[in-house]
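Encoded as structure tokens, the structure appears first; notes follow it.
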Amino acid sequence: MNPTHAVPFVDLIAPHLEMEEELLAVTRAVLRGASFIGGPLVEDFERDFAAYCGASHAIAVNSGTDALRFALIAAGVAPGEAVLTVANTFIATGEAISQTGARPLFVDIDPRTFNLDPELLRDFLQRECVLDQRLRRTIHRRTNRPVTAIVPVHLFGQCADMDPILELAEEYNLTVVEDACQAHGAEVHSAREGRWRKAGSIGRLAAFSFYPGKNLGACGEGGAVTTDDDDLARRVRMLRDHGQSKKYYHDFEGYNGRLDSLQAGFLSAKLRRLPAWNDARRRHAARYTELLRPLAPAVIPPHVPASSRPVFHLYVVQVPDRDGLQSALAAAGIATGLHYPVPLHLQRAYAGLGYRPGDLPRTEQAAQRILSLPMFPQLTDGQITATVAAIAAHLGAPAKHAPETAAPERAVAARV
Ligand SMILES: Cc1ncc(COP(=O)(O)O)c(C=O)c1O
């Protein structure tokens, strides 16, 4: 390994050093107030995060997985039903669906954005489902299950193509729950509304994760549900707190899914920095794309449609010899990631769903070709140029820009 080129995949130390005094002040306040779960810090964060997303309500919960599960349950998804989503996502998307008692049904992706392809969604609904116009119910023919919801995943920090998805959802009477766990602050332009819309304000409900490596990450676990619907917000609040309407009065069985006030305090401090951090990620992405352009088609940078303003939770390129490049970068001290190496429909956990290799060809091809390059707000230009130079060296192409600065190796999160 060449230590002058060491580039971590994500740096979870720098942001916390940058704001250490503020985080310590939050810790002191929580210890002195002894309000550890719920309370004013959680309420303040919920208010500010809802405003940031452009939603009426944010309900802070324990994790992104809980956020998705509570959003689906609150939306009325029930055992015996089916929910449409994609297979190239973190398993939590599938778990949240299955754990409501519903069955995930996977639709293939747009190979350029890696997000749900609305044309294939239409195809799926027309060919594999029947719409009972009178009852306004959509039935999946093969499993005979009512299809009641759709979970578009805004993967890598880029919103799915929401206009056509919302139109299909209206036509087939499906509830849209956004998986915005990787997309804090991402926007998509709605031609039908003539305005940009933020992740978390588009579907009936949306789920966010505050896992530490996310664009907005806690110093532990955390998540949130956003919605404009007062009733759904109330249901999610009850679901996260054992179905309580008031202390020890339980209207239904819920979960222990609350956010700690310490995490809420940390998240409020970080939320104030999120716009600048997202801007930094966008600048780094633009720089990568500029430097990688001469290497096309051996390396394909992320595709950003004109209707999209992503926040680059991850910067994911496509390369034919992905494993070779990943090993070469590792040898040069550059850490990379795979998001995700095995699509959900081919995971052992979902063998029971009956999918086979070849069922989702675009998703499967993406899983072979994708490589996530180092991406975090504090990434330096030297680290970006070093990464691109190492890619160019592996491909036998001349590096356009030599690395300028050395960077020390830092903590690498196991998962982002
Ligand atoms: C797309 C997606 N969905 C759901 C989740 C689940 O979030 P959490 O890890 O906070 O439970 C994650 C986070 O890893 C994610 O990336």
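The values are calculated or read from the model by the stated rules, or taken from the named source; none is laboratory data. These figures come from a predicted structure and were not determined experimentally. With ideal geometry, Cβ positions are generated from the backbone for all residues, glycine too; neighbour counts draw on all protein chains shown. Remember, those area values only see protein heavy atoms, side chains included, never the ligands or the DNA or RNA. Shrake-Rupley method; radii C 1.70, N 1.55, O 1.52, S 1.80 Å.
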With each pseudo-label sitting 7 Å past Cα toward Cβ, what's the Glu170-Asp228 distance in nm, one decimal?
-> 1.2 nm
Relative contact order [Cα under 8 Å, 6+ residues apart], segment 290-384, whole percent = 34 percent
Choose one answer from Thr226, Thr93, Thr289: the residue with the largest mean-square fluctuation in a GNM of the chain with alpha-carbon springs under 10 Å.
-> Thr289
Rounded to the nearest Å, the spacing of the alpha-carbon centers of segment 257-300 and segment 27-73 is 21 Å
Other residues with Cβ under 12 Å from the Cβ of Glu178 give, with Lys and Arg +1 and Asp and Glu -1, a net charge of +2
Taking the chain and dividing mean pair separation by its residue count, relative contact order in percent (alpha carbons under 8 Å, at least six apart) | 24 percent
Which of these, Ala285, Ala224, Ala351, has the largest mean-square fluctuation under a Gaussian network model of the chain (Cα springs below 10 Å)?
-> Ala351
Under 19 Å from a point 7 Å along the Cα-to-Cβ line of Arg137: which residues of segment 59-96 have their amide N that close?
-> 75-84
Please give the calculated 222 nm ellipticity per residue for the chain, where each DSSP H segment of at least 4 residues contributes -39500 (n - 2.57) and the sum is spread over every residue; nearest 500 deg cm²/dmol?
-> -11000 deg cm²/dmol
Determine the share of segment 61-214's accessible area contributed by carbon and sulfur atoms, expressed in whole percent, with a 1.4 angstrom probe.
-> 44 percent
So, in Å, what gap is there between the alpha-carbon centers of segment 304-341 and segment 149-194?
-> 24 Å
So, in nm, how far is label Ala51 from label Arg273 when the simple model puts each one 7 Å beyond its Cα toward the Cβ?
-> 2.0 nm
Quote the FRET efficiency, to the nearest 0.05, computed for Arg293 versus Val130 with a Förster distance R0 of 51 Å and r equal to the Cβ-Cβ distance.
-> 0.65
Note: Arg348 to Glu21 extended length (0.36 nm per residue) minus current alpha-carbon separation gives 113.2 nm
Looking only at Cα atoms, what is the convex hull volume of the chain per residue, in Å³?
-> 139 Å³
Top of Tyr211, Tyr340, Tyr350 by mean-square fluctuation, Gaussian network on the chain, Cα under 10 Å = Tyr350
Expressed per residue, the solvent accessible area of the chain in Å² (1.4 Å probe) is about 41 Å²
